[in-house]
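The structure under discussion appears below in the form of structure tokens.
The values are calculated or read from the model by the stated rules, or taken from the named source; none is laboratory data. Just so it is clear, the structure is predicted and the values come from calculations on it, not from any experiment. Glycine gets a Cβ as well: all are built from the backbone with ideal geometry, and neighbour counts include every protein chain shown. Ligands, DNA and RNA are excluded from the accessible area calculation, which covers all protein heavy atoms including side chains. Shrake-Rupley method; radii C 1.70, N 1.55, O 1.52, S 1.80 Å.
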Amino acid sequence: MSLDLLSTPRTTKPWAHPASYWGAMTAALAEVSGPVAAINAEALRYNALDLVVRAGGVPIRVASKSVRVREVLDAVLALPGYRGILAFTLPEALWLAETTDDIVLGYPTVDRAAIAALAADETAASRITLMVDDLAQLDLVDAIAAPATRSEIRVAIDADASWRAPGLGHIGVLRSPLYEAGEVAALARSIAARPGFRLVGLMMYEAQIAGQGDATGSGDAVIRWMQRRSASELLERRAAIVAALHDIAPLEFVNGGGTGSLELTASDQSVTEVTAGSGLLAGHLFDGYRAFDPAPAAAFALEVVRKPAPDVATVLGGGWIASGPALESRQPRAVAPTGLRMAPREGAGEVQTPLRGDAAQALRVGDRVWFRHSKSGELAERVLSYHLVDGDARVGELATYRGEGKAFL
């Protein structure tokens, strides 16, 4: 079965009833040896269509790092409302460009072999846009392939969308050194005057809004205050940057946002497209938002291998920790059966994870426990494939990047 996200979803939301939802997932994969990773087709379909509604007609560029499954990327891009991929490395972008014609690299690259391959491939060069925020990145490209010997390289500028709060300092991720409109315009003029490059876009990712939940139950009032102030400042600054670039180069796109900020970013008249990826598979890190409630589309199941105590069930594996600070929010979360918790001194272990709670007493050797990964895409680096489940039936298998023999980062 090919992954079809255009079929009509049911009016019910089966994931609203966890016991039956995870029970159906278990039944569908009863004959598959664990550990097993799965994607629920109906939940993925719901998430993909919900993102389109939230974007309000602004095209969505799919963040591949939050998916890492080509068949899922292709199925999402077949939906009206989606356009292009935001890739995370140039080797990945070159691979995807074999079948996809609109790829923006979300981060600068210094991969010399990949830059040489891009410069030598006219088709790939027409499909891939590099991200830059420093003239040194252009110097490296020229050192690898002189302008006269290569295809023209498409580039976009990454400008900092963080908030420099009075009295508080930098709030957001540490990305581009470019902040003010004058700084962005200065780089744009240098690009426009430089042979072998064409400036086609601008990206500004407001991580402090898109990547920060505002309904987590911890400090939400402060987070909402910060996000309102940051959004107000960014609205004016992004408009000023776009206006400054208008007379320098005709931009094909102005990209912003992420899963957590689609409504806000799409409402900015300076933005021509938004990015989303995490909201498709919905790692549990994206549960704590007021604006949306994603369905748990991707999950993995581990098997109980021993019972060290009546109220403890130990599963094999589990230490699939997401990137970022080593907090509880980065650990996988046991979701079925409900009421399980990890041992504080062990957490999610490399080869075993003890689980406590009333539900652990009913678990027996050979039973399965379902977990959700913290971040959406990183689970794909742990498995060769996702089993595709529809209702209580296994209907297919989707190779991950790793399953296709690719490990880009």
- [ ] Note the full-extension length gain between A193 and D134 as 0.36 nm times their separation in residues minus their Cα-Cα distance, in nm to one decimal.
- [x] 19.8 nm
TODO: Would you tell me the accessible area of S151, worked out with a 1.4 angstrom probe on the heavy atoms of the protein chains, in Å² to the nearest 10?
DONE: 30 Å²
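In what sequence, highest mean first, do 122-133, 66-77 appear when ranked by Cβ atoms within 10 angstrom? Spell out each step's value before the answer.
Working: 122-133: 20.3, 66-77: 22.2.
Order by mean packing, descending: 66-77, 122-133.
Where does each of W15, W370 land when they are ordered by accessible area, with a 1.4 Å probe and the largest first? Spell out each step's value before the answer.
Numbers: W15 40, W370 5 Å².
So the residues, ranked largest to smallest area, are W15, W370.
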Open item on the list: Please list, in order along region 113-124, the HN-Hα scalar couplings obtained from phi with the Karplus expression 6.51 cos²θ - 1.76 cosθ + 1.60 (θ = phi - 60°), rounded to whole Hz, x for Gly and Pro.
Closed with: 5, 5, 5, 4, 5, 5, 5, 8, 10, 4, 5, 4
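Determine, from the Cβ-Cβ distance of Y179 and H246 and an R0 of 22 Å, the FRET efficiency 1/(1 + (r/R0)^6), rounded to the nearest 0.05.
Details: r = 19 Å, r/R0 = 0.85.
Calculated transfer efficiency: 0.70.
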Open item on the list: Can you compute the FRET efficiency between S7 and R83 using 1/(1 + (r/R0)^6), with r the Cβ-Cβ distance and R0 = 25 Å? Round to the nearest 0.05.
Closed with: 0.75
Open item on the list: Accessible area per residue for region 321-409 in Å², computed with a 1.4 Å probe and the full protein assembly in place, what is it?
Closed with: 52 Å²
Task: Under Karplus coefficients 6.51, -1.76 and 1.60, residue-wise ³J(HN,Hα) of region 136-142 in Hz, glycine/proline x - done: 4, 5, 6, 4, 5, 4, 4
- [ ] Go through region 191-208 residue by residue and turn each phi into a ³J(HN,Hα) via Karplus (6.51, -1.76, 1.60, θ = phi - 60°); whole Hz please, and just put x for glycine and proline.
- [x] 5, 4, 8, 9, x, x, 10, 9, 7, 10, x, 9, 10, 9, 9, 8, 4, 5
TODO: Could you list which residues have their amide H under 5 Å from that of L178, counting only those 5 or more apart in sequence or on another chain, with H placed in the peptide plane?
DONE: D160
TODO: Please report, as a whole percent, how much of the solvent-accessible surface of region 225-345 comes from carbon and sulfur atoms (probe radius 1.4 Å).
DONE: 54 percent
Open item on the list: Computed from the coordinates I sent, volume of the Cα convex hull per residue in Å³ equals one of [x] 207; [y] 160; [z] 143. Tell me the label.
Closed with: [z]
Open item on the list: Probe radius 1.4 Å, ligands and nucleic acids ignored: give me the carbon and sulfur share of the accessible area of region 347-409 as a rounded percent.
Closed with: 44 percent
Task: Charged-residue dipole, Cβ positions (Lys, Arg, Asp, Glu), region 286-409 about Cα centre, Debye nearest 20 - done: 260 debye
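Under a point-charge model restricted to the Cβ atoms of Lys and Arg (+1) and Asp and Glu (-1), what is the dipole moment magnitude of the chain relative to its Cα centre, in debye to the nearest 20? Could the numbers behind the result be given before it?
Details: 39 positive and 47 negative charges, 179 e Å.
Roughly 860 debye for the chain.
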Task: Dimensions (Å) - region 33-120, Cα atoms, principal axes, largest first - done: 42, 42, 20
TODO: With the full set of protein chains in place, find how many percent of the accessible area of region 63-129 is carbon and sulfur; take the probe as 1.4 Å.
DONE: 51 percent
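Tell me, what is the FRET efficiency for Q269 and D142 to the nearest 0.05, using R0 = 41 angstrom and their Cβ-Cβ distance as r? Each step should come with its number before you reach the end.
Values: r = 36 Å, r/R0 = 0.87.
Working from the Cβ atoms, E equals 0.70.
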Open item on the list: Keeping every protein chain present and rolling a 1.4 Å probe, give me the accessible area per residue for region 87-233 in Å².
Closed with: 42 Å²
- [ ] Would you mind checking which residues have amide H under 5 Å from A343's amide H? H placed 1.01 Å from N; only 5 or more apart, or other chain.
- [x] R356
TODO: Evaluate the relative contact order of the chain (contact order divided by residue number), counting alpha-carbon pairs under 8 angstrom at least 6 apart; express in whole percent.
DONE: 20 percent
Task: Positive-end residue, the chain charge dipole about Cα centroid, Cβ charges, pick of P14, T123, L90 - done: P14
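Given all pairs of different Cα atoms, what value in angstroms does the Kirkwood hydrodynamic radius of region 220-267 take? Could you put the intermediate results ahead of the total?
Working: mean 1/r = 0.0815 Å⁻¹.
Final number for the Kirkwood radius of region 220-267 is 12.3 Å.
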Task: Long-range amide H partners of E397 with built H, under 5 Å - done: L388
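Given the Cα-Cα distance of D220 and L168 and 0.36 nm per residue of separation, how much length would full extension add, in nm? Write down the numbers at each step before the final one.
Values: separation 52, 0.36 × 52 = 18.72 nm, distance 1.76 nm.
Extra length from D220 to L168 when fully extended: 17.0 nm.
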